[in-house]
Amino acid sequence: MEQEGKNPEEYEAPITEHLAELRTRLIRSLIAIGIGMVVVFTQVDFFFDIFKEPLNKVFPDLKLVALTPTEAFFTAFKIAFLGGFVLASPFVFYQIWKFIEPALYEEEKKLVVPFVFFTTVFFLSGTLFAFFGVLPLAIKFLLTFGYTQLEVEAMISVSSYISFVVRLLLAFGITFELPVILSLLARLGLVTPETLVKFRPFFVVSAFVLAAVLTPPDIISQIFLAMPLIVFYELSIFMAKILYPRSEKGKVSKT
C-alpha cells in the first residue's frame, strides 16, 4: 500500500488495496484485544471487585444478583473485553496510524510516537475520570432517586451493572480523544482554526446530544461528558492555531 520515498499524491492505491490494508489492521487489532481479554479473564474476579468498588462505596449493603444461568459468564466476558481493549489500546492506536500513514507526507509520518502516546493517555484519562469521578456520582444519583422518590428497593442484576460501567468508561475514553483527533487534522491542514471557531456554537449543542446518546440515561453522566468535550474543543482550537501554520508551511515546502 505504501510507496517508500514518495509523496502521497504520487501514488494512489486502488480501493481494494485500501480494504485489504484495513482488514489487516483490524485483524491485528482484534488479535491484540483477544490476547488482552485472555489475560484479564484469568483474573476476572479481581477486576470484578474493582468494578464493584464504586457501588460498594455508595451502597455497601447492596448485592448484585444474577437473573439467568448465563449472566455470570457474559458478565465476565464484558469485563474481559474492556480490560483487553485497555491493555491493547496502544497497539490498536498504532494500527490506526499505520492505516492512515500511506496518505501522509514524510515529515508527517514522524508523528507516530506522539499520536500513539497522546491517544493512549487521553483514552486512559477518560476511563479513569469516568470511573473515579462520574461513576460514583451517577450511581448515587440514580439509586438515591429510586429510594427516596419512588420508594422502591433496588435489586440490580450483575449484567446490567457491568454493562452500565463498561458503557460509561468506553464513552468517556473514546470522547476524550477529541483534542488528539482535531489537533492531528489541524497539523495535516485538513481543519483550520477559523473553521473550528465558526463551528463552536454547533459543537456545544452536539456535545450534549452526543453525551445523551453515549452515556446511560442520567443527567450526571451526561453533563460530566458534555463539559469536558466543550473544554477539549476549546483546547483543540488553541492547538490548531499553533499546529496549522506549520502543516501549511510543510506542504508549501514540498510542492
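The values are calculated or read from the model by the stated rules, or taken from the named source; none is laboratory data. What you are looking at is a predicted structure, and each value in this text was computed from that prediction instead of being measured. Here Cβ is always computed from backbone atoms with ideal geometry, including for glycine, and neighbour counts include all displayed protein chains.
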* To do: Determine if segment 92-102 includes at least one residue that is within 23 Å of Phe172 (Cα to Cα) and hydroxyl-bearing (Ser, Thr, Tyr).
  => yes
* To do: Determine if segment 29-44 includes at least one residue that is touching a residue at least 12 places away in the same chain (Cβ under 8 Å), under 30 Å from Leu190 (Cα atoms) and in contact with a helix residue (DSSP H, G or I) (Cβ under 8 Å, 6 or more places away or on another chain).
  => yes
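Among the helices (runs of 4 or more DSSP H) lying completely within segment 141-255, list those that include at least 1 residues that are of a type in the set (A, V, I, L, M), at pLDDT below 80 and in contact with a Lys or Arg (Cβ under 9 Å, 6 or more places away or on another chain). So that I can check it myself, show each step before the final result.
Working: elements: 158-175, 178-187, 193-214, 219-254.
Output list reads 193-214, 219-254.
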